[in-house]
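First comes the structure, then the notes that go with it.
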Amino acid sequence: MANDYDVIVIGAGSVGVPTAYFLAKDGLKVLCIDGNASSGQGQNKAAIGGVRATHSDPAKITICKKSLELFSTWKENVGTDIGWKPGGYCFPIYTEGDEKTMKDMLPIQKRFGLNIDWIGPKEIAQAVPGINMAGLRGGTLSPEDGQVSPLMAMESFTQEARKLGVEFRFREKVTGLKMDGNAVKSVQTSAGAYSAAKIVNAAGADATAICEMAGFNIPVIPDSHEAGITSPVRAFLPPLVVDIRKGPEGMTKNFYFGQVESGQIIFCYTPLAPILGTDRRETSEFMPIIARRLVGLIPRLKGLTIRRLWRGLYPMTPDGVPVIGKAPGVDNMYLGIGMCGQGFMMGPGVGYNLAAHITKGKPTMDAEIYELLSPKRNLGRGKAERLA
Amino acid sequence: MTDNRITKHPILTPNTEATVNFKFNGKSYKARPGEPVSSAMMAYGIIVFNTHHKDGAPQGIFCANGQCAQCLVLVNGRPKKACITPVEEGMDVRSLEGLPELPADDELPEMKEAPVTKTDVLIVGAGPAGMAAATELAVAGLSIIIADDKQELGGKLGLQTHNFFGSVRDCNAGMRGMDIGTLMAQELEELENVSVWLGSPVVGVFVDGMVGVLKGDKYVLVKPKHLLITAGAREKTLAFPGCDLPGVYGGGAFQTLVNRDMVKASNRLFIVGGGNVGLIAAYHAMQAGIEVLGLVEALPKCGGYKVHLDKIKRLGIPVWTSHTALKAEGNGKLEKVTIAQIDNTFTPIPGTERTFDVDTLLVAVGLAPVNELLLKAREFGMSVYAAGDADVIAEASAAIFSGHITGRKMLREFGHEVEIPQEWYDILDMLRAKPGPTHELEIKNPRKSNVYPVIRCTQEIPCNPCTAVCPRDSIRTNNGKMTGIPQLWSDCIGCTRCVAICPGLAITLVDRSYDPTGKKALVTLPWELPVGIIKPSQSVRTVGFEGEAIGDGKVIAIRSSGWQNRRQLLLVEVPAEQAEKVAGIGLFPLKEPAHGKPATQEDDDNTIVCRCERVTKGDIIRYIKEHDCTDFNALKAGLRVGMGPCGGKTCTELVMRIFRQVKGKDAKVEAHVERPFTQEVPLSAFLDGGEE
């Protein structure tokens, strides 16, 4: 019996929608399923929208270079504004140890052709007006990184995917996978069952459950991060800023923020102790802590007005690196999971390569580097990424 | 310099002189002490406060309640809501043109962690319900915090210059709302264990049981054992072409400007909505010397109390039922409004358009509970109660009552064995009930007295002051209930107390002993319009209860005394046979409005629905259709609807209406996800938790 679809993508989020889009672009008949009422309603809309290729992991560098290329040219190529704002990432550095960490990464980043350099305090202050100069040693600036609106980008990817014939089924939760030997025969949802030659698991925070339905386990464990946004002000802050110090309050690791194209400042911190679980309800703890960190770094930010707070999930893998490629032990299933909080910036790059892997048998990126993301790797080797 | 402050008012005593110096766009003005920036500006005829950063559209006052952000101005370089920012000496106020600039102030402020304030009960909102609950709770020695975003206690009671309906014994009916507010505030302030936090909006509840309060300029976390939401209501609104023009705003907002701040915000007014808020707003406008050109109500009958409706009809205000506001027009501010008749599907009927030259259009189409904190607290499993409008929309008398009941319920949580009489619940139900049927007028004078009241209270509404004030106990309702029809059951001594107290101005007194020849009679009319409009010995046209012309009369005297509670009594000589019909005097001749033009499809498409992000009705309809959208959150992502400073408080219901219009009334539409904060909070407020 013929399959209903060539490919079923489970999850209409940061990874699933671009994957569906690129698969349809390759001429496949694609169904994208999500339990929410529309696309991007999981963690996508919780993302703050920073996109950088300046990681330390070669695979993430390569994937994000592709994402940056797609995002930054989207308006010219597709015609839709997705809030792309160039301006780069700036890591201002205040300690000797952090300076070493950043400088140690530069060779590999440069080897991959990334535009990033160590600059002095004065240049940092030019890039980040009003930054606290006391103890500022300098930092890195990577002008080719940037910011995108996750809402606008998801919106546009969804519409473009639709135009290419991708069928979306919303409010359908995947309840099971019907197996035929080592292959997924059909996807069962709360509303029906659909068969396809190939299946993509892009289920974000729910990825492990989908793996288990196919009989294998990949641990993707969500922890949660809170974020917030201010009301808009005139453009004053070109780069997205990451302060990698631990907070003096003893609750936070790094924190990061940027001014989006429409003028709001969007911000987030990494809790010192991960808050495991899928609870996305707001806590009272976040705002007073992040306020003091923001103003401690740039005192003039005290003049901003806070509009809204939310919480999103980081689907974490044990080694902090995403899991992308063919599923272990299942013939026709592919994984684009475990984005570790960087699903939005990696999504288009992941989708682009996964689609190529599915339609052409291999990704467009260097196969050796792609292998670093393989589901078959030893996932238990501990954190590899220094700047997750 | 024009000064639009109200200096003469039949009920209100003018506020203090304007002595506080401030500047607007570089020009010097004076404000009254404590006056909000918005009212100080409107006192000088300034109604455009900012231009929107997206399209430069002019914006001005809209909710006057701190809920929206249409009134943003730059105050000393920082964007602030003009309606909740009191003017201070030397303040530099500027219109906000586009996005504000972040001030380059690089001084590192003092920062310290905020202590958590623990309390037995946190009451959110110090209006009638909150104050009533606080007085119940405080007696048991519990620690109570009552927080309110305004600078004064009383909530919306302060705007209510009219005599209250309801029951005399249970909620001071017959007194003016503002006086009840003052009384309750005094009682509250005497309670030692109640901390009153004014100028302190409650902006969020959190999953850890904390409540965020913006206490002045500091953000404070409160951990209450029990939370009580008495945050009142906010005004619903409508989307029609031009609804976003400065000069179009809420009926409650208008009452705030005119009654609380005593600013004559308008010269020529039109009103949309025949509920109590719209009807009373019309009356309050007349009291403030503002010309009211008319009122439209979409339904075939006005939903407000008949006595309120008749009150404005007697003043010659045209009331157009089965009509709607088609469009508002003007260059940078409202200049005219066009209305049209609608059929039973609410579709405008071509050819029925009429246009009025106005500077203000009030939208008074009902209230919605301010309950977002309540819903969140419930979702988070906190111990939370609600009373007043935040629970069920009703008159303020009901809010007072529900506050008392809820206060006692909460006392039981603390182990206090307090009684809540079943009768209280019955009264509350009665006060909350919609107006009942209207009966034929039946004038009773069982003892054939020469002096007797004509009681034109024919609709079943919860109100009984007339029965309570009659010194002979001669006025009783026909069924003994508060909602019954009051009638004269025994003799009348002509004391006029019922005339003076009736909240509906529905009682007149006929005196047939006035003229021994029996040709003339003296009628005593209640009168609450500005002194000086009518003078003794003036000849007047008389009108009936619903404004219909009756004949001629002559004002014999204007009487006032302390117990009349600022209401005047007009003694009017009329032909004896008309004595029972006369209920008012015709002051303003009706003018025939000009014919107008229908709204075009383009007008309709360009109607602003989300004011904060300037999203039009056409955009929303197209989006829903093109994307087969049934998720409000997708609309937020796609069009930014509801993503602005008001957080969707103004447009959510309008957008849901468009969803139903496009997708059918039974379509399942995903609600928009609410997140903190319920109001924007300055980042500086989080830095220093201050004293403990």
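Values quoted throughout were computed directly from the atomic coordinates according to the rules given, and no laboratory measurement underlies them. This is a predicted model, so every value here is computed, not measured. Here Cβ is always computed from backbone atoms with ideal geometry, including for glycine, and neighbour counts include all displayed protein chains.
Structure notes:
- Of the GluC sites (Glu not before Pro) found in the range B:508-582, those that fall in a DSSP loop while having at most 16 other beta-carbon atoms within 10 Å are B:E546, B:E548.
- Whole-Hz Karplus values for the range A:72-79 come out as 6, 10, 4, 5, 6, 7, 9, x Hz, taken residue by residue from phi with 6.51 cos²θ - 1.76 cosθ + 1.60 and θ = phi - 60°; glycine and proline positions read x.
- Under the simplified labelling scheme, the A:E249-B:E440 pair shows an inter-label distance of 7.3 nm, with each label point 7 Å from Cα along Cα→Cβ.
- In terms of other Cβ atoms within 10 Å, B:T678, B:T13, B:T483 run from fewest to most in the order B:T13, B:T483, B:T678.
- Positive-end residue of B:P318, A:P92, A:A12, charge dipole of the protein assembly as shown with Cβ unit charges: B:P318
- Rounded if a/c under 1.5, otherwise prolate or oblate - the range B:171-255, Cα gyration tensor axes: oblate
- Placed amide H near B:L367: partners under 5 Å, 5+ positions off or other chain: B:K236
- Most fluctuating residue given options A:Y21, A:Y94, A:Y269, as computed from a GNM of chain A linking Cα atoms under 10 Å: A:Y94
- Relative contact order (%) - criterion: Cα under 8 Å, at least six apart; region: the range B:601-663: 34 percent
- A:K163/B:K27 FRET efficiency (R0 56 Å; Cβ-Cβ; nearest 0.05): 0.55
- The mean count of C-beta atoms from other chains within 10 Å of the C-beta of residues in A:37-45, rounded to a whole number, is 5.
- For the range B:601-663, the dipole from Cβ point charges (+1 on Lys and Arg, -1 on Asp and Glu) about the Cα centre works out to 260 debye, to the nearest 20.
- Label-point gap, in nm, between B:K597 and A:F112 - each point 7 angstrom along Cα→Cβ: 6.1 nm
- HN-Hα J in Hz across the range A:213-219 - Karplus 6.51, -1.76, 1.60, θ = phi - 60°, x for Gly and Pro: 5, 9, x, 9, 10, 10, x
- Built amide H within the under 5 Å cut-off of B:E670, gap 5+: B:D631, B:F632
- Shape call, the protein assembly as shown: gyration tensor on alpha carbons, a/c limit 1.5: prolate
- Relative contact order computed over chain B (Cα-Cα under 8 Å; 6+ residues apart), in percent: 14 percent
- The overall shape of chain A, judged from the alpha-carbon gyration tensor, is prolate: a/c is not under 1.5, and a/b is greater than b/c.
- The protein assembly as shown: calculated mean residue ellipticity at 222 nm from DSSP helix runs of at least 4, using -39500 (n - 2.57): -7000 deg cm²/dmol
- The range B:163-183 and the range B:262-293: distance between their alpha carbon centers, rounded to Å: 22 Å
- Our coupling estimate for the range B:10-27, obtained by passing each phi through the Karplus curve with A = 6.51, B = -1.76, C = 1.60 and θ = phi - 60°, is x, 10, 8, 8, x, 5, 5, 4, 7, 10, 8, 7, 9, 10, 10, 6, x, 9 Hz, Gly and Pro reported as x.
- Residue among A:E368, A:E261, A:E282 with the largest mean-square fluctuation in a Gaussian network model of chain A, springs linking Cα atoms under 10 Å: A:E368
- Residues A:S231, B:S383, sorted so that the one with the fewest Cβ neighbours within 10 Å comes first: B:S383, A:S231
- Amide H within-cut-off set for B:V296, under 5 Å, with H built and near neighbours excluded: B:I271, B:V272, B:G273, B:W320
- Net charge over other residues, Cβ less than 15 angstrom from the Cβ of B:G403 (K, R count +1; D, E count -1): -3
- Helix axis angle, A:16-25 relative to chain A longest principal axis, alpha carbon, degrees: 60 degrees
- Seen against the Cα atoms of chain B and their longest principal axis, helix B:396-413 is set at about 50 degrees.
- Neighbours of A:W74, meaning other residues whose beta-carbon lies under 11 angstrom from its beta-carbon, give a summed charge of -3 when Lys and Arg score +1 and Asp and Glu score -1.
- Label-to-label distance, nm, for residues given as B:S537 and B:I393 (7 Å Cα→Cβ offset): 5.1 nm
- Principal-axis tilt of helix B:652-663 within chain B, Cα atoms, nearest 10 degrees: 90 degrees
- The trypsin sites (Lys or Arg not before Pro) found in the range B:625-692 that occupy coil by DSSP, while having at most 14 further C-beta atoms within 10 Å, are B:K665, B:K668.
- Between the range B:214-255 and the range A:74-108, the alpha-carbon center distance in angstrom: 41 Å
- Positive-end ranking of B:M286, B:A377, B:V194 along the dipole of chain B, with charges on Cβ about the Cα centre, is headed by B:M286.
- Electrostatic tally near B:P224: other residues with Cβ closer than 12 Å to its Cβ, Lys and Arg +1, Asp and Glu -1, net +1.
- The range A:237-388: relative contact order in percent, alpha carbon pairs under 8 Å with at least 6 residues between: 16 percent
- Springs join every pair of Cα atoms under 10 Å in this Gaussian network model of chain A, and among A:D243, A:D104, A:D145 the largest mean-square fluctuation is at A:D104.
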